[in-house]
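Notes follow the structure.
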Amino acid sequence: MNYGKKTKSKDVSEHINEQLSVFLKPLIEQLNSKLDKRLVRTFNGLIQTIIVHRNNSHGLLLSELGGYLLGGDKAPAGTKRISNLIRNQKWGHKLIEKFLWRQSGKHLEKIEENEDTALLVWDDSVWEKPESIAIEGLCAVKSSTASRLKRIKKGFYNPPGRPIFVPGMNWLGIVLLGMKAKPCLVNLKWWTSRGKLASDRRSEQKHVLKKTTKIWKNRVLHVFDRGYAGRPWLEELAQTKARFIVRWPKGYKLEFEDVSKKAWKWCQGKRSLDHKMIRDARRNVERKIGLYYRPINHPNYPEPLWLVVSRQGQGKHPWYLLTNEPITSIDDAWQVIFAYARRWQIEMAWRFLKSELAFESPRLWKVENRLKLLFIATLVFAFLLLMLNIANLELKEWLLKNFCHRTGKRCRSATAPLYRIRSALAKLWLEFPPPGLRI
């Protein structure tokens, strides 16, 4: 489809709806074999509704979604339809979870076709419900919102104190991307440390690690933040023989030729082997980065390791990156730094899911019902990521120009404008509703 001045908005609306149908087709076929056709139509309509009518405070409440699904005058009937879909025991959230794994497998094949390096980025977060106390599956989680609000800012002072814990669930996420390829959501996993569904962080991580290595072998390079550093996780990585990069805390010890030192002492007094001017996309500035690397060992990892140090400049803490990727040149070491820098993509995913798609707003009592609704919203996120692909580049530009115009240079130069894409698509579908969407 060509996107020019004469392109009709109605045709674009129907075309995007067709893309959504193609994306969901394998999942819809499975649901058709399990559910009544009316529930399947509700499933499809619910995804359209979340795209158009999300609200960052109350966007995933059944009563509100029901009003958007069938119109305000039929809100009770719409709420009942969504409730019947969510509470139906003939399907579970794992159906969508498996669908996301299959979609990420296709994305991996495209990354390999383009001879790009496939990165599997891991991170943990928390799902907070500070006002709740009795819904199933809650446990104590360290509030990331409270930590952010208490962070000391220039001109203000708040003495550091004990961390704040609130009711919620623990949250593990994995994103697949390349050095150049756009991200693709692989899996989201929620777990609790209390009650009959109790689990623990390490068990959940081990389960996902074994699944990824079983499906993809060594086709992906795992990227971890400092929360994964240490002896237990290195032992798991050694058992699965996974390729990895982990940011190592400077105070954790490493060994070489029977000498044990803290990570920072292995680099103390060593000049950088190379420098580069690299643009910090997060702060939109260029920074001179120094590079140093050396072979290293750890007593709990039998294979050779490398310590790569990225010196961020005056006033910035260096990155100490531990990897089992063989480093034979300065270019190899730079690739490790660039791969770890791509980890920021998953931080932006957390922000989008919590703020734009209101992932912390559901108030469903049962864990399984809650997970069904969250995974339905996850499909929205996966589809919006699909809109960033090169194949949809002209469509993306047309949408942003006609339905979410911005004059600011920062907005217009963003490479992954997910917020603007969702806003533009919402406005398009409000003005030119596709089949099945009621306004």
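Coordinate-derived values only; no laboratory data. Computed from a predicted structure; not experimentally measured. Every residue, glycine as well, gets a Cβ built from its backbone with ideal geometry; the counts of neighbours run over all protein chains shown.
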Helix-only mean residue ellipticity at 222 nm for the chain, each DSSP H run of n ≥ 4 adding -39500 (n - 2.57), per residue, nearest 500: -13500 deg cm²/dmol
From Cα pairs below 8 angstrom and at least 6 apart in sequence, can you work out the relative contact order of the chain, rounded to a whole percent? 19
The size of the Cβ-based charge dipole (Lys, Arg +1; Asp, Glu -1) of the chain about the Cα centre, to the nearest 20 debye, is 1060
Which order results if 319, 344, 190 are arranged by neighbouring Cβ count within 10 Å, fewest first? 344, 319, 190
Number of Lys pairs in segment 243-342 with C-alpha atoms less than 27 angstrom apart, excluding same-chain neighbours closer than eight positions? 26
Of all trypsin sites (Lys or Arg not before Pro) in segment 193-254, which ones are in loop regions per DSSP and have a Cβ with at most 10 other Cβ atoms within 10 Å? 196
Which whole-angstrom value gives the distance between the alpha carbon centres of segment 152-208 and segment 70-98? 27
In Å, what Rg and Dmax follow from the Cα atoms of segment 243-342? 13.3, 43
XL table 98/196; 98/372; 180/401; 94/241; Cα-Cα > 18 Å flagged, in table order, is 98/196; 180/401; 94/241
All-pairs alpha carbon distance profile, segment 106-153, 10 Å steps from 0, percent: 19, 27, 19, 22, 14, 0
Hey, what did segment 243-342 get for relative contact order, percent, Cα under 8 Å, at least 6 apart? 26
I need the per residue convex hull volume for the chain, using only the alpha carbons, in cubic angstrom as a whole number. 178
So which of 25/106; 211/354; 153/354 end up more than 20 Å apart by C-alpha? 211/354; 153/354
